[in-house]
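Beneath this line is the structure, given in structure tokens, with notes to follow.
The values are calculated or read from the model by the stated rules, or taken from the named source; none is laboratory data. Fair warning: this is a prediction, and the values are worked out from it, not measured in the lab. Here the Cβ is made from the backbone with ideal geometry for all residues, glycine too, and neighbour counts use every protein chain on show.
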Amino acid sequence: MTTPVALDVHPSETLISLTAITQSKDPHRVYGQLRLQYGPVAPVELEPGVRAWLVMGAEQLRTITEREAFFSRDARNWRDLNDGIVSPDSGLLPMMAYRPNVIGADQQEHRRLRQPLDEGISRINHRALRRQVQQICSELIDEFSRRGTADLVADYAAFVPMLAVAGLFGLDTRQGHELRAALVALFSSQADSQVGNRSFEQILFDTLQERQRNPTADLTTALMDHPNLQDDPEVLQSMVVMVSAGNETTTCWIAHTLYRMITDTSFDDRLRGGRLGVDDALDEVLWREPPMTHMPARYALRDIDLGGQPVRHGDVLILGLSAANSDPALSPPGRRRINNRAHMAYSAGPHMCPAQDTARVITRTAVDTALHLLPGLKLTVRPDEITWNPSPWTRCPTRLLVRFAVPHGLITAPTRLRTVGDSA
């Protein structure tokens, strides 16, 4: 039996930080310890002096994502921010502060802003996207394969979604590289996060202005022409949501799948031997390491009991997507997860990820291409030497240094980043 706690009752109590969880060797062990101590909702620290509730129970996570009248996405309801406890220079703000976009909106306003995203994503030609990603992957592998070594994060996993997503919005390769650097800073929630955020938005604003002069068949133009988006700032913020979500999370998904292939002999044998399909392998990874480990955030609109804890009006709640996947109520020990997509990797409720299929096309193609073109992958460091990017939100390997048998006859043609209007 756990004892209820309040975020502001025990100021001297030492709480674990979200970043410490994502940096740990086994986050699910940490979640288990937190459940024993606090139950399905646990107090954590976002940065020194800034506290939040980590929602680890699947039932409680569905509650806060579906009951919009009780829990808001609008950070203007965050009491610690309004009271000045969160510094204006805080690295948390690029991910958590209010933005006038679909992420920060509730109910009818959210529906209005969500429709252009759903319609834009529905226009993506998945066959053309798959062919584009195959070409990108082959070229990337061709660049490093002849030396027989690589960093599968920096040389591969970070590039594939960056180039694919950039192409969907009509950005060129150079802009795609700039976007990636800005997003790494933004997601880290460290000292350079606000600089990264400004750089990220400037790149997209420049692209929007170019499309206003020269519209083409890409997602930037589709958003620009949508009647639900009333002005340039709304178009820009819609671009911000789609590009940031599609890039960082897909990088994590690719990297974690490659990590499992390299470090888990059984997983790799089943995958290479055909006993585990690529899609089933991707879902195994989503259960253990969803692309967003912790999703910010919901803000309580009233005092309420949640999972036995006294959540107060203005408290911030973090969606523990990874933790919910190891909730015994959702995934009883010993249950086989083949063909099981009941995980919480995409969140839940009205804000559930709209681009699941597109992300899967990119990730599946990247993993399948590596599977066929990079035989005999081996880490050049011990598995326990793998480190993780310093972010409270995502858990991505910093590097995956590998060696492999040099493939023969890998010939590629120059990549042209296709847009949504291209046919296969």
(message) Can you go through ASP305, ASP279 and tell me which one is farther than 25 Å from THR398 by Cα and surrounded by fewer than 19 Cβ atoms within 10 Å (Cβ to Cβ)?
(response) ASP305
(request) Considering (1) among the hydroxyl-bearing types (Ser, Thr, Tyr); (2) modelled with pLDDT under 95; (3) surrounded by 21 or more Cβ atoms within 10 Å (Cβ to Cβ), say which one THR398 fails and leave the rest. (result) (3)
(message) Suppose we filter PRO233, PRO296 for residues that are part of a strand (DSSP E or B) and touching a residue at least 60 places away in the same chain (Cβ under 8 Å); which single one remains?
(response) PRO296
(request) Name, by its number, the condition in (1) surrounded by 22 or more Cβ atoms within 10 Å (Cβ to Cβ); (2) touching an Asp or Glu at 6+ places or on another chain (Cβ under 6 Å); (3) under 30 Å from LEU171 (Cβ atoms) that does not hold for ALA300. (result) (3)
(message) Considering only residues that are among the small types (Gly, Ala, Ser) and in contact (Cβ under 8 Å) with a residue 40 or more places away in the chain, which ones fall in segment 110-132?
(response) GLY120, ALA128
(request) Exactly one condition in (1) out of contact with any Pro (no Cβ under 8 Å at 6 or more places or on another chain); (2) closer than 18 Å to HIS351 by Cα; (3) in a loop (DSSP other than H, G, I, E, B); (4) not hydrophobic (A, V, I, L, M, F, W, C) is not met by LYS25; state its number. (result) (2)
(request) Kindly check whether there is at least one residue in segment 83-91 that is assigned to a loop (DSSP other than H, G, I, E, B), under 22 Å from the mean Cα position of the chain (by Cα) and under 30 Å from LEU317 (Cβ atoms). (result) yes
(request) Determine whether segment 268-277 contains at least one residue that is at pLDDT 90 or above, aliphatic (A, V, I, L, M) and at negative phi. (result) no
(message) Can you report the number of residues in segment 337-390 which are surrounded by fewer than 14 Cβ atoms within 10 Å (Cβ to Cβ), within 28 Å of GLY148 (Cα to Cα) and under 20 Å from the mean Cα position of the chain (by Cα)?
(response) 1
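Restrict the check to segment 312-322 and report whether at least one residue is surrounded by 19 or more Cβ atoms within 10 Å (Cβ to Cβ), at pLDDT 95 or above, in a helix (DSSP H, G or I) and not basic (Lys, Arg).
Checking segment 312-322: at least one residue is surrounded by 19 or more Cβ atoms within 10 Å (Cβ to Cβ), at pLDDT 95 or above, in a helix (DSSP H, G or I) and not basic (Lys, Arg).
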(message) charged (D, E, K, R) and either in a strand (DSSP E or B) or free of Cβ contacts under 8 Å to residues at least 40 places away in the same chain (or both): which single residue out of ASP357, ASP305 fits that description?
(response) ASP305
(request) Hey, can you tell me all the residues within segment 29-78 that are part of a loop (DSSP other than H, G, I, E, B) and in contact (Cβ under 8 Å) with a residue 60 or more places away in the chain? (result) GLY39, PRO40, MET56, GLY57, GLU68, ALA69, PHE70, ARG73, ASP74, TRP78
(request) With the condition kept exactly as written, say whether any residue in segment 201-219 is buried (at least 17 other Cβ atoms within 10 Å of the Cβ), of a type in the set (Ser, Thr, Tyr) and either in contact with a Gly (Cβ under 6 Å, 6 or more places away or on another chain) or under 26 Å from THR398 (Cα atoms) (or both). (result) no
(request) Give the residues of segment 92-109 that are part of a helix (DSSP H, G or I), within 20 Å of the chain's Cα centre (by Cα) and either without any contact (Cβ under 8 Å) to a residue 60 or more places away in the chain or closer than 22 Å to ASP357 by Cα (or both), sorted by residue number. (result) VAL102, ILE103, GLY104
(request) Working only within segment 294-308, note down all residues that are in contact with a helix residue (DSSP H, G or I) (Cβ under 7 Å, 6 or more places away or on another chain) and more than 16 Å from ALA58 (Cβ to Cβ). (result) PRO296, ALA297, TYR299, LEU301
(message) Looking at (1) surrounded by 21 or more Cβ atoms within 10 Å (Cβ to Cβ); (2) over 14 Å from ASN325 (Cβ atoms), which one does LEU54 not meet, given that it meets all the others?
(response) (2)
